[in-house]
Amino acid sequence: MGTAKENNKLSVSGETPRETGAPVQEAGLLGRVISSGGLIFAAGIVVAMLILIQEVVLRYFFNSPTNWAHETTIFLCGVAFVYGGLYCVARDSHIRVVLIYDALPPRARRWLDVVISVICALSSAMFAYAAWIMVKRAAFTPSGEFRLERSGSAWDPVYPGVMKIFLLAVLTVMAVQFLILAINYFRGKR
């Protein structure tokens, strides 16, 4: 897309939503909620770093490694990565090729935004359906009893099952967020 000032309305202070850390106006209330949740998942990355530092100290200075640090840091980073996709949608900061988009007049851009948002909503919904199939296998036994998939390691946490449920939730919310964007682009709010 073009510059931030071309694509996002200016605030009273003259800054765009991206510069102030806010989601785009078209994302609506859901976008604001998603954007505010980003700090929690960013903190998860910091916690993962602290866990790894602690693991290095325990392992190499005290010869007393833990059996939970690596799986926990992988889980925390994975959750943050998955949430990052949803966060980018709310802030309209996902990667896109703009060679043609920037050459179009504003009205054509608006229609392209609508089409792209609808296609992304459908794609997210299809991925959510695929995630639901994974969740059925990871969260339920063949008899229908609830039991989360475990990692199978010495510590054996339920992180794989929880991650699949989280992925389903994020993809479902992502599909809804893209629909909200499509509707607001269609209304001409951009």
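The values are calculated or read from the model by the stated rules, or taken from the named source; none is laboratory data. In this text the structure is predicted, and so the values were computed from the model without any measurement. Don't worry about glycine lacking a Cβ; one is built from the backbone with ideal geometry, like all the others, and counts go over all protein chains shown. Quick note on the areas: whole protein, heavy atoms, side chains included, nothing else; ligands and nucleic acids left out. Shrake-Rupley method; radii C 1.70, N 1.55, O 1.52, S 1.80 Å.
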Open item on the list: I need to check one value: relative contact order of the chain, counting alpha carbon pairs closer than 8 Å and at least 6 residues apart, in percent.
Closed with: 27
TODO: Leaving out ligands and nucleic acids, note down the accessible area per residue over the chain with a 1.4 angstrom probe, in whole Å².
DONE: 60
- [ ] Please say if the stretch 74-137 is rounded, prolate or oblate, where rounded means a/c under 1.5 for a ≥ b ≥ c the square roots of the C-alpha gyration tensor eigenvalues, and otherwise the choice is prolate for a/b larger than b/c and oblate otherwise?
- [x] oblate
Task: Options 160, 98, 144, ranked by Cα towards positive dipole end of the stretch 66-163, top entry (Cβ charges) - done: 98
TODO: Might you report the magnitude of the Cβ-based charge dipole of the chain about its Cα centre, with Lys and Arg at +1 and Asp and Glu at -1, to the nearest 20 debye?
DONE: 580
- [ ] Using only the alpha carbon atoms of the chain, find the Kirkwood hydrodynamic radius as the inverse mean reciprocal pair distance, in angstroms to one decimal.
- [x] 18.9
Open item on the list: With the cut-off at 1.5 for a/c, could you classify the stretch 116-159 from its C-alpha gyration tensor as rounded, prolate or oblate?
Closed with: oblate
Open item on the list: Using 0.36 nm times the number of residues separating residue 158 and residue 108, minus their current alpha carbon distance, what extension gain do you get?
Closed with: 13.2 nm
- [ ] Can you tell me the FRET efficiency between residue 67 and residue 29 if r is taken as the Cβ-Cβ distance and R0 is 41 Å, rounded to the nearest 0.05?
- [x] 0.45
